[in-house]
Every structure is written in C-alpha cells, then in structure tokens.
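Student: Below is the structure I would like to discuss, written out as structure tokens.
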Amino acid sequence: LHHPDLNRGLEWGEISLRFALAAAGLTGAVVGTSKAAHLLQAQEWASKGPLDAAWVAELRSAFVAHDQGWTGQI
C-alpha cells in the first residue's frame, strides 16, 4: 500500500514490524536479516511497541479497499 498518508512519516519496515506486534495474542516476531545493523534497527522499532489500534484499523481498511484476493497472514 503506497497511500501517501498511511505511513505517517515512518519507514514501512517499522510499520510492518509494529503492525505484526499489534496482533492479538502475539508476544514476539521473527525478523530475518543478514545484517547486524538491520537487526538492531528492528530491535529499536520493536521497543516502541505495537501500533495503536486506530492505526491498525486504518491499515486493515486500506488493505481491504485494495485487496486483490491476497491472504493476509500473521
């Protein structure tokens, strides 16, 4: 989704990780990378906690509006 306002100035990597962390019942996320700097970046993003419920709802709504039969899995 490349809607100009959905990312609120954050990197999509951060949004993706924090979106995943917002899933009910989730206590962690697996981050795959070959670079230590990327792992440290993911750790920093995760330390900010999950996205707030309103933002998650906005992202889900945008996905539904542009869905092409994709299955979203967390």
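Taken together, the values in this text are just the output of simple stated rules run on the coordinates, not laboratory data. Just so it is clear, the structure is predicted and the values come from calculations on it, not from any experiment. Positions of Cβ are backbone-derived with ideal geometry, glycine not excepted, and every protein chain shown enters the neighbour counts.
Student: For segment 36-46: of the residues being without any contact (Cβ under 8 Å) to a residue 12 or more places away in the chain and among the aliphatic types (A, V, I, L, M), which is surrounded by the most Cβ atoms within 10 Å (Cβ to Cβ)?
Tutor: Per the stated criteria, the residue is Leu39.
Student: Turning to a different aspect of this structure: How many of the residues making up segment 35-74 are part of a helix (DSSP H, G or I), closer than 13 Å to Ile15 by Cβ and charged (D, E, K, R)?
Tutor: Residues that pass the stated criteria total 2.
Student: Given Gly49, Gly9, Gly32, which one is loosely packed, with under 12 Cβ neighbours inside 10 Å and under 12 Å from the mean Cα position of the chain (by Cα)?
Tutor: Just one listed residue meets the conditions, Gly49.
Student: Is it the case that Gly32 is on the phi > 0 side of the Ramachandran plot and in a loop (DSSP other than H, G, I, E, B)?
Tutor: When the stated conditions are applied, Gly32 does not pass them.
Student: Mind listing whichever residues of segment 12-35 are without any contact (Cβ under 8 Å) to a residue 24 or more places away in the chain and out of contact with any helix residue (DSSP H, G or I) (no Cβ under 7 Å at 6 or more places or on another chain)?
Tutor: Across segment 12-35, the qualifying residues are Trp12, Ser16, Ala24, Gly25, Thr27, Gly28, Val30, Gly32, Ser34, Lys35.
Student: Please go through segment 58-74 and give me each residue that is surrounded by fewer than 12 Cβ atoms within 10 Å (Cβ to Cβ) and of a type outside the set (Phe, Trp, Tyr), ordered by number.
Tutor: Ser61, Val64, Ala65, His66, Asp67, Gln68, Gly69, Thr71, Gly72, Gln73, Ile74
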